[in-house]
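K.L.:
Submitted below is the structure of interest, expressed as structure tokens.
The values are calculated or read from the model by the stated rules, or taken from the named source; none is laboratory data. Here the structure is a predicted model, which is why all the values come from computation and not from measurement. A quick note on method: Cβ atoms are made from the backbone with ideal geometry, for glycine too, and the neighbour counts reach across all protein chains shown. Only protein heavy atoms, including side chains, enter the accessible area calculation; ligands, DNA and RNA are left aside. Shrake-Rupley method; radii C 1.70, N 1.55, O 1.52, S 1.80 Å.
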Amino acid sequence: MTALHFSDPLVLLLLIPLAAGAGAAARMSWLALRRGELVWTALQALAPALLVVALAGPQLRTGSDRPTILAVDQSASIDPAMRAAEHRWTARAGQDDCSSPCRVVRFATTADATEPSRTGRSALGSGATNLAGGVAAAIGLTPKGGRVAVLSDGGQTQGDLLAMAALARRRHVAVDWITLADPRRRDAAITAIAAPPVVHLGDPVPLSLTIHSSVPGIARLSVRTGAGAPAGQSIPVRVGDTPLLLLYTAARRGWQSFVVTVSLPGDAVSANNSLAAVTDVVAPPRVLTVGAGTSPVPGLLSRQGIGVSRVAAAALPVRASAYSGLDAVVLDDVPAAQLNTAQISALSDAVRSRGVGLVVLGGQHSFSLGRYAHSPLQALLPVSSLVPGNLQRRNLAIELVLDRSGSMTDLAGGVPKIDMARAAARQSAAFLRAHQDELGITTFDIVPHTLVPLAPIATTADERKVDRTVDGLQADGGTNIYLGLQAGLTQLLRSHAKQRHMILLTDGISQPENYAPLLARLRADHISVATVALGADADRNLLARIAAATGGRAYVTDNARALPRIFVKETQLSAKPVRVTGRLAVQLASDSPVVRSLIGRSLPTLRGNVVVQLKTGAQADLLASDKASPPDPALAEWQIGSGRVVTWTPGLDSDWAGAWLRQAALWNDVVRWSERGVAPSPLTPMALDENSGTLQIDLAGAGAAALGVTAISGTLTSSHGIARSIAFAPAGPSLYDADVASWPAGSYTFALRTAGTERRTATGTVAIGYPAEYSPTTARISPMAQLVAQTGGRILPGDDPGALARRDRALWWLLALVAVVVFVAGVTGRMLAGSARRPGARPA
């Protein structure tokens, strides 16, 4: 804000008589003076007026004249450089329109109003920053229409600062933010750490952490596990967050602690360099293997420290409750016929609802070779088994149902759609002729037409006959998908092939029909339908529904050139054998923790495999293939309900996968990844997050017993042997909280007991993080900027203590100088004008 002020405005009254005298003189000399002389006379008269204004003491005032209260952050996150800047600002408080009586609000955990001259740290609980409390106190001291200037790094660890916006607006108080953060400060901090709360003995322990750095560089990371010596490594860090994942093994039972520390040369804040995490290591997992007594699988798992028991398929439980003592089940090349419906139902319930892991090992008696395709067991698995019997020729019947409506003459991808439909049909005929399988072609517009009756393509002559018929296919008319699909089904029902499949192609939308009975008939006769939606106008939803209802695949393309490739792929998949033998290469397909032991290694080959298809939502970790066929999923995984399932289709029989028996680490990881997770004891305290300063106990897992608990108390003992009492207060249904914000960071052993009708005790270890005050992330997400915007304030730099000051610049000397210049100009002008008026005078 800029304005003109006068130190002695009464002097301006002299302008009145001065103006009157100047007016009278002008009237008397109007007739005597020529126009040019009158201008110079006016300049002479202006000079005294300017001198009068200069005597009034004019000043140009910049800055605000609003009464101001400083709110000064005294929390622990304010480093010495910031504190020195705060002192420079408070030293000027008495000069900068400080509200009377002049006060400065100093705040941290609490707030206090003191004189600006007060020095030293105030006893405000510096372990937290309650920005809301400090701003509220300052607003309360500020007169209406005043201003609050907040000196802070902006980090808020307590309170709701934005709630102060309404209070400030009611009092017409603007809030300015004087930013104290130093962008050049070097700081590397551990801002997050996580480890599983409970694991089995021998399980992998993933330790995830995040390093936040204000500068790029090479940091030193050390990890101390338990009482052992720390292990260090150099870590490149970038500006911002650097996430890391460290992997350890639970080598002994009991509580295991991890203390991670980062160091960076020139680090200005040491209090945020370390965080701890703890894990409770319990008994080894218990696994039930189901299969032949000669299987090497039980011994293989036992050598990995896994508790194994073995039963025959007939002894598998028929009730889900029987799995309560187990962590995982391994089906070892078990045919579907050996499991009854009750056993599969109980196993499914145990996996889906109780989180029991399931590992299914294949071989020559399982998956597609074990009739899994028609078993309810298939619903649990990440892969779909195929119907066996595709190993002989004359076993497949394919019916092509092709749209021949008028729109098929349009271009798609630069070529007519009907041309590519013809090419696709010819290539399908060539493939089926090599296998002496059956082919039929139905076309449709408003009505269906049998273009090629379903029959074996056994000879080259048969193939050429189909080609000639297909070449005569023309496009015309409307679209009726339902009748085309119905006619295709009629053709396929005449075939006795073991595998019957339909490929439906259309580029349009037909009138609504009730497809449910037709789809039910297709399913009942085990006829799958693959659909191809060509172009943007195709009814993609309908085609996807037809494919899903019949177990087929749905393709979508805007390019007609893709049709031959799609048709050949679909025909090959339909004719694919369910058993592949010979030398099969195995390759990694993911970086899942299940296959972490194989990364970077040369993988053994297989001598056989069962062909399956990966389900949507599942992940293939290993693929197997020979040179003549595309890769098939060998090792696949997914989660279904609460449980995890892994399938290995080749099995571990020496005939197909003998070399894979030596991959002990892989099978250890497979079982331990799939095993049921271990829930911590309900009486185990956990930090809400690394810097929350709150420990919480959730008794929801205790069931009805939680209702009998009225209080929880006990002791926490630091690694230095210092014991402290702690009490947990109710914070919600089954929730109990304790405030540990002022406690030193680190690992503590706890001993707790409950009060009430339900008496329980618990011991263990818990990690407490450093206070949020030291976190580098709190200032990054500061709400101060929003508060400034909502109250009409400003964001000011912290290095200019005079930014709030009112500045007056004197103008009298400038006006006096102008008066002299104007007076001299007027005198000189009049002299020159008079000289030019005298007789005989020549112009100068």
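K.L.:
Run a plain Debye calculation on region 491-551 (Cα atoms as equal point scatterers, no solvent) and give log10 I(q)/I(0) at q = 0.23, 0.24 Å⁻¹, rounded to two decimals, same order as the q list.
P.N.:
-0.97, -1.03
K.L.:
Oh, and also: Take the alpha carbon atoms of region 147-166, find their center, do the same for region 177-203, and report the distance between the two centers in whole angstrom.
P.N.:
Value for the Cα centre distance between the two parts: 24 Å.
K.L.:
May I ask you to rank Arg607, Arg676, Arg494, Arg147 by accessible area, largest first, using a 1.4 Å probe over the protein chains only? Intermediate values should be presented prior to the final figure.
P.N.:
Working: Arg607 135, Arg676 40, Arg494 155, Arg147 5 Å².
Descending accessible area places them as Arg494, Arg607, Arg676, Arg147.
K.L.:
Accessible surface of Ser7 in the full protein assembly, 1.4 angstrom probe, to the nearest 10 Å²?
P.N.:
80
K.L.:
Just need the relative contact order of region 473-573 here, percent rounded to a whole number, with Cα pairs under 8 Å and 6+ apart.
P.N.:
Numbers: 124 pairs, mean separation 24.2, N = 101.
In percent, rounded to a whole number, it is 24.
K.L.:
So, one more: Using only Cα atoms, what Kirkwood radius does region 678-825 have, in angstroms? List each step's numbers first, then the result.
P.N.:
Numbers: mean 1/r = 0.0494 Å⁻¹.
Radius from the Kirkwood sum: 20.2 Å.
K.L.:
Rounded to whole Hz and in sequence order, give me ³J(HN,Hα) for region 648-655 from the Karplus expression 6.51 cos²θ - 1.76 cosθ + 1.60, θ = phi - 60°, writing x for Gly and Pro.
P.N.:
My calculation for region 648-655 gives 10, 5, x, x, 10, 6, 5, 5 Hz in order.
K.L.:
Describe numerically, in nm with one decimal, the distance between label points set 7 Å from Cα along Cα→Cβ at Ala113 and at Thr469.
P.N.:
9.9
K.L.:
On to the next question. Obtain the nm distance between the two label points defined at Thr490 and Leu707 by a simple spin-label model: each point lies 7 Å from its Cα along the Cα-to-C-beta direction.
P.N.:
Label at Thr490, label at Leu707, 6.7 nm between them.
K.L.:
Over the chain, what is the mean sequence separation of C-alpha contacts under 8 Å (at least six apart), divided by residue count, expressed as relative contact order in percent? Show your work: numbers first, answer last.
P.N.:
Working: 1926 pairs, mean separation 129.9, N = 844.
For the chain, the relative contact order is 15 percent.
K.L.:
Given an 8 Å cut-off on Cα distances and at least 6 residues of separation, report the relative contact order of region 295-407 as a percent. List each step's numbers first, then the result.
P.N.:
Details: 114 pairs, mean separation 24.3, N = 113.
Over region 295-407, the number comes to 21 percent.
K.L.:
Would you work out the charge dipole size for the chain about its Cα centre, treating the Cβ of every Lys and Arg as +1 and the Cβ of every Asp and Glu as -1, and quote it to the nearest 20 debye?
P.N.:
Details: 78 positive and 61 negative charges, 302 e Å.
Magnitude of the dipole: close to 1460 debye.
K.L.:
Accessible surface of His449 in the full protein assembly, 1.4 angstrom probe, to the nearest 10 Å²?
P.N.:
Here the accessible area works out near 60 Å².
K.L.:
Then there's this: Residue farthest toward the positive end of the dipole of the chain, with Cβ of Lys/Arg at +1 and Asp/Glu at -1: which of Leu402, Leu14, Met420?
P.N.:
My answer, from the dipole projection, is Leu14.
K.L.:
Further question on the same structure: Using modelled backbone amide H atoms (1.01 Å from N, in-plane), which distant-in-sequence or interchain residues come within less than 5 Å of Thr179's amide H?
P.N.:
So Thr179 has HN proximity to Leu796, Gly798.
K.L.:
HN-Hα J couplings of region 145-157 from phi, Karplus 6.51/-1.76/1.60, θ = phi - 60°, integer Hz, Gly and Pro as x?
P.N.:
Listing the rounded values in order: x, x, 9, 10, 10, 9, 9, 6, 7, x, x, 10, 10 Hz.
K.L.:
Could I ask something else about it? Accessible area of the chain with a 1.4 Å probe: how many percent of it is carbon plus sulfur?
P.N.:
Carbon and sulfur atoms account for 56 percent of the accessible area of the chain.
K.L.:
When averaged across all projection directions, what area in nm² does the alpha-carbon convex hull of region 293-452 cover? Write out the running numbers ahead of the final one.
P.N.:
Numbers: hull surface 60.9 nm².
Quarter of the Cα hull surface area: 15.2 nm².
K.L.:
A further question follows. Mind checking the angle between helix 341-354 and the chain's longest principal axis? C-alpha axes, 0 to 90 degrees, to the nearest 10.
P.N.:
10
K.L.:
By how many degrees, 0 to 90 and rounded to 10, does the Cα axis of helix 812-837 deviate from the longest principal axis of the chain?
P.N.:
60
K.L.:
If you don't mind, another one. Per residue of region 200-205, what does 6.51 cos²θ - 1.76 cosθ + 1.60 with θ = phi - 60° give for ³J(HN,Hα)? Whole Hz please, x for Gly and Pro, Karplus curve as stated.
P.N.:
The phi angles translate into 7, 4, x, 6, x, 10 Hz.
K.L.:
Something else now. With just the Cα atoms defining each centre, how far is region 217-265 from region 725-770? Give it in Å.
P.N.:
26
K.L.:
Here is a follow-up. Residues with amide H under 5 Å of Trp255's amide H, sequence separation 5 or more or different chain, H placed in the peptide plane at 1.01 Å from N; which?
P.N.:
So Trp255 has HN proximity to Val281.
K.L.:
Quick one: if you stick a label point 7 Å off each Cα along the C-beta vector at Ala810 and Arg220, how many nm between them?
P.N.:
Between Ala810 and Arg220, the label points sit 6.1 nm apart.
K.L.:
Same structure, new question: Compare His501, His720 by solvent-accessible area with a 1.4 Å probe and give them largest first, with all protein chains kept in place.
P.N.:
Working: His501 5, His720 160 Å².
The most accessible residue leads, giving His720, His501.
K.L.:
Let me ask another. Non-local amide H neighbours of Val383 (under 5 Å, H modeled in plane, Pro and chain starts lacking H): which ones?
P.N.:
Placed amide hydrogens put Lys615 under 5 Å from Val383.
K.L.:
Then there is this: Counting only heavy atoms of the protein chains, get the accessible area per residue of the chain (1.4 Å probe) and round it to a whole Å² value.
P.N.:
On the way: 38180 Å² over 844 residues.
Ligands and nucleic acids excluded, the figure is 45 Å² per residue.
K.L.:
Percent of Cα-Cα pairs per 20 Å bin, from 0 to the last occupied bin, for the chain, please list those.
P.N.:
Reading upward from the zero bin: 12, 25, 24, 20, 10, 7, 1, 0.
K.L.:
Also, quick follow-up: So which lysines pass the test for Lys627, namely a Cα distance under 20 Å, with those fewer than 8 places away in the same chain ruled out?
P.N.:
Cross-link targets: Lys569, Lys576.
K.L.:
Additional query: How tilted is helix 80-91 with respect to the longest principal axis of the chain? Cα atoms for both, answer in degrees (0 to 90, nearest 10).
P.N.:
30
K.L.:
Could you run the Debye sum over the Cα atoms of region 575-667, one equal point scatterer each and no solvent, and tell me log10 of I(q)/I(0) at q = 0.15, 0.25 Å⁻¹, two decimals?
P.N.:
-0.56, -1.47
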